[in-house]
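K.L.:
Structure provided below as structure tokens; questions to follow.
The values are calculated or read from the model by the stated rules, or taken from the named source; none is laboratory data. Bear in mind the structure is a predicted one, so any value in this text is a computation, not a measurement. Note that each Cβ is placed from the backbone with ideal geometry, even for glycine, and that neighbours are counted across all protein chains shown. The accessibility values were calculated without ligands, DNA or RNA, using every heavy atom of the protein model including side chains. Shrake-Rupley method; radii C 1.70, N 1.55, O 1.52, S 1.80 Å.
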Amino acid sequence: MNKKNVLIYFLNIILIIPFFIITKNNNIFLYTLSYSLYILLIMMFSHLNISGILKKYLDLEYHYTKNKIYKTTILSILIISLMMGLLVTLSGLLLESLFSIKGIFFVYLMMSFSIFIIPTFNITLDYLEAHDFNKLKNFSIVVYYVSNFIFLIIASIIFFDVLKLEDYLSIGLLYTINILSFIIIHIIIYLIIFKNKKVLFKATKTREEVKINYKNIIKDILSNNIIKSFYNIIKYSFCYLSIILVYLILTYRYFYNYNEVANVINITYFYGIRLVLIFIILIRYISLDKKDKLIKLITKKDYIKFREDFTSFFYYIIRLMMACVILVSIISGPIWMLIFKNNEGSSILLGLMILAFTFILYLTFMDILISLNNKKKIMIILLSSLIIKLIITIPMIDSMWRMGYDLMYGDFLSSSLAYVVCIILSLVFISKKCKLNFTKDFDKILNIIYENIILCFILVLLTFIFKIEVKTRLSAILIIILYVSITISYFVILKKIKIKKLGDNR
């Protein structure tokens, strides 16, 4: 992630509040399932970036070539999206006929028409960046995502509350909102650019441009940094696979009815996962500069400095995550009550926070591993984690059932173990390449664990005084403020004690 994406993530997260209010009497399982696939599909184009090459030909005043590359890239995206849309629609037909998921064919059909939107919009943003329309680019990002958010809420009210359409029709039609926002923002961009007359939409081909091989240029654009797309596809496929596997296992192995399965999946993979994303984004945002510094050191091949900074970064992010996981796990009930005015998903939130711990480490190590640019090892590691996820999900869910725990914990555990394998393999390769050594600083890990055990002990003791079982949003707010304040105070006091000890030793 980068800092510019925070708005996008934030809007996606806060969407759950109005969406829950509007659709609480409706089943949005089809939206949860289709949206996870939608994110997976658009990530296939995440490696595309044409701003550099457009800038190159713009500086040479090859306006025909510049526009040709832009238009051909857009056309390529449309063609690939059309082929993917066809496969998605056929898969929807298969899911509806074989697994009795009513309406998924229509939802997938409507969703397939919007696969091209985000990749095409990003290419347009690259076009603006190449022409130094940076203000227009930033304005376009805000307008598109804010308008899409507003239109989605309005459409939800119309489809679910006013027209009272069947759930699958309402959900399928929600994807048309993406197209509406896309059209509006492109009209705005065209009018502003045309008004300024700074960009040549039509240009004649010069003698030098005749020799340019456009086919090779587009081929390079589609293939450059494809490993990042592969990584994103694997990363987002975990969620989609979890939904499919949980649906099949609970339906055909444990004989849950459709509404029960849909409710569990909605709570977990639509509402719960977005709440957890708040903490994932927060930790990733706080540690972004430190991680980027590490990647720059790898690029410069300054492995000595990298080793020094990596260990401190590793301990920093472990300490931060453990504190967040402990805190949120303790107050998961009040958090759920505050957002949804019930306690239905508090145990799910607790499980998701534990999953988030391994997920953040997975993201961090994979970002560093990708910077080392060993495509073969990256693909092996990613595929290994995916295969492990597929193999152990059923045994893990069965284990939770035998022990009497929530079956969803089996899915969380299978994903966590897959991430752990990926983390270990990544760490082995990074250590081998950069000569890392954790043994000399192992006591720091023990200190972090010790500090967080004390924090957990304090917060658990506090639950006997200030009960976390709340029934109103006001009491939920008060409990959250109290426990957050205690956690912050604990680490402030801990820091002062460490500073005092350091001063005494001197």
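K.L.:
Of a type in the set (Gly, Ala, Ser) and farther than 30 Å from Pro18 by Cβ: does that describe Ser287?
P.N.:
For Ser287, the condition - of a type in the set (Gly, Ala, Ser) and farther than 30 Å from Pro18 by Cβ - is met.
K.L.:
Still on this structure, please answer the following. Spot the failing condition for Glu61; the list is (1) in a helix (DSSP H, G or I); (2) open to solvent by 20 Å² or more (accessible area, probe 1.4 Å), and only one is missed.
P.N.:
Only one criterion is unmet by Glu61, namely (1).
K.L.:
Could you say whether any residue in region 173-192 is surrounded by fewer than 20 Cβ atoms within 10 Å (Cβ to Cβ), over 22 Å from the mean Cα position of the chain (by Cα) and not in a helix (DSSP H, G or I)?
P.N.:
no
K.L.:
If I go through region 40-56 residue by residue, how many of them are open to solvent by 20 Å² or more (accessible area, probe 1.4 Å) and hydroxyl-bearing (Ser, Thr, Tyr)?
P.N.:
The qualifying residues number 1.
K.L.:
Let me ask something else. Looking at Ile493, Ile423, Ile488, Ile453 in this structure, which one is under 30 Å from Leu297 (Cα atoms) and either touching a helix residue (DSSP H, G or I) at 6+ places or on another chain (Cβ under 9 Å) or without any contact (Cβ under 8 Å) to a residue 24 or more places away in the chain (or both)? Spell out how you get there, then give the answer.
P.N.:
Working: Ile493 fails: under 30 Å from Leu297 (Cα atoms); Ile488 fails: under 30 Å from Leu297 (Cα atoms); Ile453 fails: under 30 Å from Leu297 (Cα atoms).
So the residue among Ile493, Ile423, Ile488, Ile453 that is under 30 Å from Leu297 (Cα atoms) and either touching a helix residue (DSSP H, G or I) at 6+ places or on another chain (Cβ under 9 Å) or without any contact (Cβ under 8 Å) to a residue 24 or more places away in the chain (or both) is Ile423.
K.L.:
Right, something else. Could you please give the count of residues in region 159-171 that are surrounded by 13 or more Cβ atoms within 10 Å (Cβ to Cβ) and either farther than 15 Å from Lys24 by Cβ or among the aromatic types (Phe, Trp, Tyr) (or both)?
P.N.:
6
K.L.:
Determine whether region 102-117 contains at least one residue that is closer than 15 Å to Leu40 by Cα and surrounded by fewer than 16 Cβ atoms within 10 Å (Cβ to Cβ).
P.N.:
Within region 102-117 (the criterion being closer than 15 Å to Leu40 by Cα and surrounded by fewer than 16 Cβ atoms within 10 Å (Cβ to Cβ)), the answer is no, since none of the residues qualifies.
K.L.:
List, please: which pairs have Cβ atoms under 6 Å, are six or more places apart or on different chains, and start with a residue in region 209-232 that is under 17 Å from Tyr64 (Cβ atoms) and touching a residue at least 12 places away in the same chain (Cβ under 8 Å) and end with one that is aromatic (Phe, Trp, Tyr) and open to solvent by less than 80 Å² (accessible area, probe 1.4 Å)?
P.N.:
Glu209/Tyr62; Glu209/Tyr64
K.L.:
Could you check, for region 294-314, whether at least one of its residues is open to solvent by 60 Å² or more (accessible area, probe 1.4 Å), of a type in the set (Phe, Trp, Tyr), farther than 30 Å from Lys471 by Cβ and part of a helix (DSSP H, G or I)? First the steps, then the outcome.
P.N.:
Quick first cut of region 294-314, residues open to solvent by 60 Å² or more (accessible area, probe 1.4 Å) only: 296, 299-302, 304-305, 307-308, 312.
This time we only want the ones that are of a type in the set (Phe, Trp, Tyr), so: none.
No, region 294-314 contains no residue that is open to solvent by 60 Å² or more (accessible area, probe 1.4 Å), of a type in the set (Phe, Trp, Tyr), farther than 30 Å from Lys471 by Cβ and part of a helix (DSSP H, G or I).
K.L.:
Here's another thing I want to ask about it. Going through Leu30, Leu82 one at a time, which residue ends up being open to solvent by 20 Å² or more (accessible area, probe 1.4 Å), in contact with a helix residue (DSSP H, G or I) (Cβ under 9 Å, 6 or more places away or on another chain) and not aromatic (Phe, Trp, Tyr)? Don't jump to the end; show me each part of the working.
P.N.:
Working: Leu30 fails: open to solvent by 20 Å² or more (accessible area, probe 1.4 Å).
None of the other options fit; the residue is Leu82.
K.L.:
Moving on. Looking only at region 432-489, filter to residues that are open to solvent by less than 60 Å² (accessible area, probe 1.4 Å) and modelled with pLDDT under 85; which one of those is nearest to Lys377 (Cα to Cα)?
P.N.:
Cys434
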